[in-house]
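> I have a structure here, written as structure tokens, and I will follow up with some questions on it.
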Amino acid sequence: MEMMTVKIKRFDGRNSYYQKYEVPYEKGKTILWLLTTIREEQDPTLNFTSACRHAICGSCAVQINGNAFLACNTPLDDVLDTYKTMNLTFEPLKNFEVIKDLVIVWEPKMEKMTKVKPWIIPGEEGSKEIGFLQSEEDFQQIAAPTDCILCGVCASECNQLAVNQDGYLEPFILNKAYRYIVDTRDGAPEQHLKPVLENDLWKCLHCMQCVSQCPKTIPLTDQIAFLRSATMAMGELDNQGAKHAYAFHDDVKNKGRLNETMLPIKTDGLVQTALTKIPFALRMVKKGKINPLHMPKQISGIQEVRKLYEYAEEVKS
Amino acid sequence: MTLTYAFFPGCTLESAAEELMISTKKVAEALGIELIELNGWTCCGASHIQDIDNFLSTSINARNIALAESLGVSKLLTVCNTCTLMLRTAKLKMDKNERLKEQVNVGLDRAGLQYKGTVEVTHLLWALLEDYGLENLKKKVTVPLKGLKVANFYGCHIVMPPDVMGFENHRNPQSMEMVAEALGAECVEFDQRLACCGFHAVFPAQKEVMTMTGINCLSPKEAGADCIVTPCPLCQMQLDAYQPDAQKRFDQDITMPIIHLPQLIGLALGISPEELAINRHVVDAIPALQRKLQLA
Amino acid sequence: MLKFDVVVVGAGGAGMMAALSASEKNNLKVAVLSKIFPTRSHTGAAQGGINAAMGYRDSTDSPEKHFRDTVKGSDFLADQDAVEFFTSGMPDMISELDYYGVPFSRDEKGQVAQRPFGGASSPRTCYSADKTGHVILHALYEQCLKNHVQFLNEWFLLSLVVEDGKFEGLVAMDIRDGKIHPIQAKSVVIASGGFGRIYWSRTTNAINMTGDGTAACFEAGIPLKDPEFIQFHPTGLAQTGVLLSEACRGEGGYLINKDGERFMARYAPEKMELGPRDLVSRSIETEIKEGRGFGEGMTSYVLMDLRHLGEKKIMERLPQVRELALEFEGVDLIKEPVPIRPSCHYTMGGIHVSDYKTCSTPIEGIHAAGECCSVSIHGANRLGGNSVADVVFFGKYAGLGAKESAMRRSFGRTEKLEQEANAWKTKFKTIREKTTGVSMFSIRNRLAETMWNYVGIFRTESEMAQALATVDELIEEYKDAYAGDASVKYNMAFINYVEIGNILKLARAVAMGALNRRESRGSHSRGDYPTRNDEQFLKHTLIYKDGENYRLEYAPVTITNYQPEERKY
């Protein structure tokens, strides 16, 4: 019989350690089956959370070999195949407080979520007595984001969160804000959006971890792009993020390509750049990586590129 | 055998990562790969323009791809993860959504172009595996990189999101290891193999990104790597050019040379470090390479 | 000692609705106690929808028609005054949920969309794609956050304390630190969900649906009403019981036995696989019982074969079904058939609610709502789309009822609460220190097997008598059950131990109710009494627990508008 070696990170409230279990391999099982089998057949002291076991309650996300998965709908065979191994290491989700073994605490996250007012602020057209009207198309806007099951996989994988727990919002919190910002029934989208901007919206690293691992395939990174657009539409242009994005936007329009030399100045302004980026600039110049005298020429076809800009403006309006 | 690709260099290859332009061309020539640079390519948007205008982001990349289509080739080749992602994202969106494609084409029409969807977007790393073949690559190796311990730093955008990239399993890709091993190098295992370099937020999240850079250098260093190799010039720039800034946040010495994938390949093909412009890096990679290799 | 005006036990749709209505516009101190984080609750698993006669899709629809359909669906065992109250209030409820931000699918006019559902004479099921319960659960949680509702998450109800027939408080464990607390309260709403886990692996229910609140009420002296009525779904996945959509049969899937036969030919030669749910369920179980299934015991199954539909049709029409089979059974429906077996879906019976307007029980101060109880609006069989409706509607009225109770009542004495808490502390200590005994999981599994085989989809006198005897033996064995975890903090083994005690208690009542109901009605299908017998059994079962003894009584059904007639569709 083929055996799997399963190492699980245990935590009893004080000490943490890894415990090894040997489990006979079975075909066609899920990760939740594996955890349940260990608990019921080998070690009833092992703790993890699970409930619905079909990917709707969001209880059972864990890390396996360094990545977050929802245990109930992840086929064991897929995981073994991914890592080409019969050795699995289980750990609780990253970026969460752990209470015991694989069990994490959610309340602090919900507390944090209240920053974005994660509830509808009803618009004046609706009432408790008659509800709202909302078009099918407008409903479609909130269809994907309301798939979120608060499993925490996105937060566990988020690279910004890993180094900025206090400042940055978990992708599922951004999703919740997005969900009400685009909900036509909401009467005060700016009340959800402002806190998003104030909580490091521009620090998303574009690493695509959240969107790549979300078990509900919610387009989280598209949402972040939307949130950024929305803050800029609100006039929030005087920040590094917006200025950085506009540097690219404008360079492509003017020349077709990025002017790397000017990028810091466009993003941070001359003074800030002089204060913080001088050593960087000097070492770049020294290695020939920046040539302050080199200004990119306009590409051939720049007129056509500008037509695309014009057309995109037409499409927007 | 001559493989021909339309070539999309991307902005960094014209300035900060000119060494990648140089080494890519050298390696392509040595392998007998023909690269036809697109005339009039624009910046891919570098994962920023969609924050201002999603449709525009798709449109400019549709134009880049349409330029390739007009060359009559089957693949457009890049050497930058983010360029690959941006181009493939635009392509996937249009190929999946006929209405969007038509709309984008209305704009392209004014620019005298048409997006058809006939050209595939690939990365040099994938092309080596898919089109060129590891066996053929091995045959070209004249200086096996024996004893060189490399840390393969993939960068996010060559594997994620998987529905756009899809070349290999994003949780455990192996393409870099396959190429490095074909060249005779030894791959070290390290925690940050699939980490994010943080480049795209280095301005608004400077503090956090510098911390990440330090960790990304320390992890392979502790695993005994001689250098990091990456298929992405943005990762390279972040880890190399910002390394002195990251160092300030760490007590330990984080020094780690960072080279581009084509530079690693070039070394194995017997091309000299200077010809591959390895001397252009902020953290000098040549001593570490010389210690282990009989360099040309 | 912890003190609240109102405690709500359970944080699903009913519990959170109750908390919202109990705490609205007043200064009452309300807490919601839940053994899991609120958004994990089983309300979230409801897919199809929520019934309300909005009349948007069909202007001829009316609460009256919804009323009639529900009564007919219940096989006339529902209390008609309660049903009328429910159906007439549901349209307003939908508007209220809309106002709370529930993302309902919409029709072309922008109104809440409605679709047809089994047993409904008009398309009146409001929905949000296939995740109706999920979005309602989350919207209610958001409303609770907005209204600063106090949650005691990962707290487990151990028992209710009643003195002189009146509610005094409850005892619960904070799972995280293992502390057992007496909690004084003026009123309580039990909203702890159903108890489908008496069949353990053969249920679509979440693994924690162990009827803790129902068992606590039962123990406190409130009778269980109609516990024998249990709804089954014909196509659960074999390994996990996870529901495979009815659409498989609808799209033309074949049911195949070990001999490769499409066995439905034996039971429904014309309709074949498209026969009604209960018939298909019984047919599958008959095949297995008669040795024509695959596998053994609780893991037996038959096959659902969709291959003849072809890849294109499967991908177009049944993509989610294919995904489910791939994930949970490791089977690609395009290439292989998937193992299936019926699965327990819903418990119609539960805590006896004696006043539907306040959802109060015979014990002053104790209210109940949702699947844990029986109002009864579902009678012998619940209609699809009526469960989430029940949960939010009666959750609201239970909350209002509990509010009234709390305003009327004052805090009582604390001695008995302290005593009860101390008794649980001793018990916790004993179980933690116990190092040998009968495996609790073994007891649970044998209970499930007994209930499935003998008090499952079809029932006969002799088998049920045998089951009752076995359950009694298991209750005896449970006294020596071993949980296996000595820790104080987050001791889920102890929680499981109590849960298993709860399903044992409830299963015994199910078996007893079923054994004594010598007729077939709704979901209760007896081989030895195949027809409905209104003369003798148009009445509610009420089972009381007096210590170790169970006592059976019957209570009349309230009939207002609709006299019993034969149930034909």
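The values are calculated or read from the model by the stated rules, or taken from the named source; none is laboratory data. This is a predicted model, so every value here is computed, not measured. Here the Cβ positions follow ideal geometry from the backbone for every residue, glycine too, while neighbour counts run over all protein chains shown.
> Go through (1) modelled with pLDDT of 95 or more; (2) closer than 30 Å to A:Val105 by Cα; (3) buried (at least 19 other Cβ atoms within 10 Å of the Cβ) and name the single condition C:Lys29 misses.
Only one criterion in (1) modelled with pLDDT of 95 or more; (2) closer than 30 Å to A:Val105 by Cα; (3) buried (at least 19 other Cβ atoms within 10 Å of the Cβ) is unmet by C:Lys29, namely (3).
> Of all residues in the stretch C:437-461, which are at pLDDT 95 or above, part of a loop (DSSP other than H, G, I, E, B) and over 15 Å from C:Asp472 (Cα atoms)?
Answer for the stretch C:437-461, where residues must be at pLDDT 95 or above, part of a loop (DSSP other than H, G, I, E, B) and over 15 Å from C:Asp472 (Cα atoms): C:Gly437, C:Gly456, C:Thr460.
> Out of everything in the stretch A:39-63 that is among the polar types (S, T, N, Q) and within 20 Å of C:Asn496 (Cα to Cα), what residue ends up being surrounded by the most Cβ atoms within 10 Å (Cβ to Cβ)? Explain how you work it out, then say what you get.
Pass one, the stretch A:39-63, residues among the polar types (S, T, N, Q): A:42, A:45, A:47, A:49-50, A:59, A:63.
Within this subset, residues satisfying the condition of being within 20 Å of C:Asn496 (Cα to Cα) are A:42, A:45, A:47, A:49-50, A:59.
Details: A:Gln42: 14, A:Thr45: 20, A:Asn47: 25, A:Thr49: 24, A:Ser50: 23, A:Ser59: 28.
Only one residue fits best here, namely A:Ser59.
> Shifting gears a bit: Looking at A:Glu129, A:Glu137, which is the one that is out of contact with any Asp or Glu (no Cβ under 9 Å at 6 or more places or on another chain) and not in a strand (DSSP E or B)?
A:Glu137
> Can you spot a residue in the stretch C:538-548 that is within 14 Å of chain A (Cβ to nearest Cβ), under 24 Å from C:Ile222 (Cβ atoms) and modelled with pLDDT of 95 or more?
Looking through the stretch C:538-548, none of the residues is within 14 Å of chain A (Cβ to nearest Cβ), under 24 Å from C:Ile222 (Cβ atoms) and modelled with pLDDT of 95 or more.
> Quick test of your reading of the structure: B:Lys149 fulfils all but one of (1) in contact with an Asp or Glu (Cβ under 7 Å, 6 or more places away or on another chain); (2) within 14 Å of another protein chain (Cβ to nearest Cβ); (3) not aliphatic (A, V, I, L, M). Name the failing condition by number.
(2)
> Quick check: anything in the stretch A:262-277 surrounded by 18 or more Cβ atoms within 10 Å (Cβ to Cβ) and in contact with a Leu (Cβ under 7 Å, 6 or more places away or on another chain)?
Checking the stretch A:262-277: not a single residue is surrounded by 18 or more Cβ atoms within 10 Å (Cβ to Cβ) and in contact with a Leu (Cβ under 7 Å, 6 or more places away or on another chain).
> Residues being more than 21 Å from the chain's Cα centre (by Cα) and at negative phi: count how many of those fall in the stretch B:142-155.
Number of matching residues: 4.
> Hey, another quick one. Looking at the stretch A:166-193, which of the residues that are in a loop (DSSP other than H, G, I, E, B), more than 26 Å from A:Gly126 (Cβ to Cβ) and away from chain B (no Cβ under 12 Å) is nearest to the chain's Cα centre (by Cα)?
A:Glu170
Condition check ((1) closer than 18 Å to A:Arg185 by Cβ; (2) crowded, with 24+ Cβ neighbours inside 10 Å; (3) within 14 Å of chain A (Cβ to nearest Cβ); (4) over 21 Å from the mean Cα position of the chain (by Cα)) across all residues:
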| position | (1), (2), (3), (4) |
| --- | --- |
| C:Ala52 | no, yes, yes, no |
| C:Asp58 | no, no, no, yes |
| C:Thr87 | no, yes, no, no |
| C:Gly101 | yes, yes, yes, yes |
| C:Phe104 | yes, yes, yes, yes |
| C:Cys126 | yes, yes, yes, no |
| C:Ala129 | yes, no, yes, yes |
| C:Gly133 | no, yes, yes, no |
| C:His138 | yes, yes, yes, no |
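> Against the definition (crowded, with 21+ Cβ neighbours inside 10 Å and closer than 21 Å to C:Arg382 by Cα), how does C:Met173 come out, yes or no?
no
> Those residues that are among the charged types (D, E, K, R) and in contact with a Lys or Arg (Cβ under 7 Å, 6 or more places away or on another chain), I need them from the stretch C:486-504; list them, please.
C:Lys489
> List, please: which pairs have Cβ atoms under 6 Å, are six or more places apart or on different chains, and start with a residue in the stretch B:271-284 that is in contact (Cβ under 8 Å) with a residue 40 or more places away in the chain and end with one that is acidic (Asp, Glu) and surrounded by 15 or more Cβ atoms within 10 Å (Cβ to Cβ)?
Correct list of pairs: B:Ala277/B:Glu19; B:Arg280/B:Glu19; B:His281/B:Asp240; B:Val282/B:Asp240; B:Val283/B:Asp240.
> I want to confirm something. Restricting to the stretch C:1-23 and keeping residues that are over 15 Å from C:Thr39 (Cα atoms) and in contact with a Gly (Cβ under 7 Å, 6 or more places away or on another chain), which single residue is surrounded by the most Cβ atoms within 10 Å (Cβ to Cβ)?
So the residue we want is C:Ala18.
> Here is a further query. Inside the stretch C:206-322, counting only strands (runs of 3 or more DSSP E) that do not spill past its ends, which hold 3 or more residues that are under 30 Å from A:Cys60 (Cα atoms) and not hydroxyl-bearing (Ser, Thr, Tyr)?
C:230-237, C:302-305
> Which of (1) modelled with pLDDT of 95 or more; (2) under 30 Å from C:Phe67 (Cα atoms); (3) surrounded by fewer than 20 Cβ atoms within 10 Å (Cβ to Cβ) does C:Lys146 not meet, given it meets every other one?
With (1) modelled with pLDDT of 95 or more; (2) under 30 Å from C:Phe67 (Cα atoms); (3) surrounded by fewer than 20 Cβ atoms within 10 Å (Cβ to Cβ) applied to C:Lys146, the lone miss is (2).
> Consider A:Gly66 against the criteria (1) at pLDDT 95 or above; (2) within 10 Å of chain C (Cβ to nearest Cβ); (3) surrounded by fewer than 23 Cβ atoms within 10 Å (Cβ to Cβ): it satisfies all of them except one. Which criterion is unmet?
(2)
> Still on this model: Return yes or no: is C:Glu64 surrounded by fewer than 19 Cβ atoms within 10 Å (Cβ to Cβ), without any contact (Cβ under 8 Å) to a residue 40 or more places away in the chain and either facing chain A (nearest Cβ under 10 Å) or among the aromatic types (Phe, Trp, Tyr) (or both)?
So C:Glu64 does not fit the description; no.
> Next question. Among the residues of the stretch A:69-99, what is the count of those that are surrounded by fewer than 24 Cβ atoms within 10 Å (Cβ to Cβ) and either farther than 27 Å from C:Gln143 by Cα or touching a Gly at 6+ places or on another chain (Cβ under 7 Å) (or both)?
Adding up the residues that qualify gives 21.
> Here's something else I'd like to know. How many of the residues in the stretch A:38-93 are assigned to a strand (DSSP E or B) and of a type in the set (Ser, Thr, Tyr)?
Total meeting the criteria: 1.
> Also: Quick check on this structure: which one of C:Gly350, C:Gly399 is out of contact with any Cys (no Cβ under 6 Å at 6 or more places or on another chain), under 27 Å from C:Thr125 (Cβ atoms) and not assigned by TED's automatic domain parsing to the domain that holds C:Leu279?
Going through C:Gly350, C:Gly399 in turn, the sole match is C:Gly399.
> Within the stretch B:1-48, how many residues are free of Cβ contacts under 8 Å to residues at least 24 places away in the same chain and under 28 Å from A:Arg283 (Cα atoms)?
Of the residues in the stretch B:1-48, 5 are free of Cβ contacts under 8 Å to residues at least 24 places away in the same chain and under 28 Å from A:Arg283 (Cα atoms).
> Hey, can you tell me all the residues within the stretch C:331-370 that are under 24 Å from C:Ile314 (Cβ atoms) and under 22 Å from the mean Cα position of the chain (by Cα)? Steps first, answer last, please.
Going residue by residue through the stretch C:331-370, those that are under 24 Å from C:Ile314 (Cβ atoms) are C:331-343.
Within the stretch C:331-370, C:Ile340, C:Arg341, C:Pro342, C:Ser343 meet the criteria.
> I would also like to ask the following. Criterion first (within 14 Å of chain C (Cβ to nearest Cβ) and touching a residue at least 24 places away in the same chain (Cβ under 8 Å)) does A:Ile99 satisfy it?
Judged against the criteria, A:Ile99 is a match.
> Next question, about the same structure. From the residues in the stretch B:20-78 that are of a type in the set (Val, Ile, Thr) and within 12 Å of chain A (Cβ to nearest Cβ), which one is nearest to B:Gly270 (Cα to Cα)?
Checking each candidate, the answer is B:Ile22.
> For a quick check of your reading: which helices (runs of 4 or more DSSP H) sit entirely within the stretch A:194-301 and have at least 1 residues that are β-branched (Val, Ile, Thr), at the interface with chain B (Cβ under 7 Å from one of its Cβ atoms) and over 19 Å from B:Asn61 (Cβ atoms)?
In the stretch A:194-301, the matching helices (runs of 4 or more DSSP H) lie at A:263-276.
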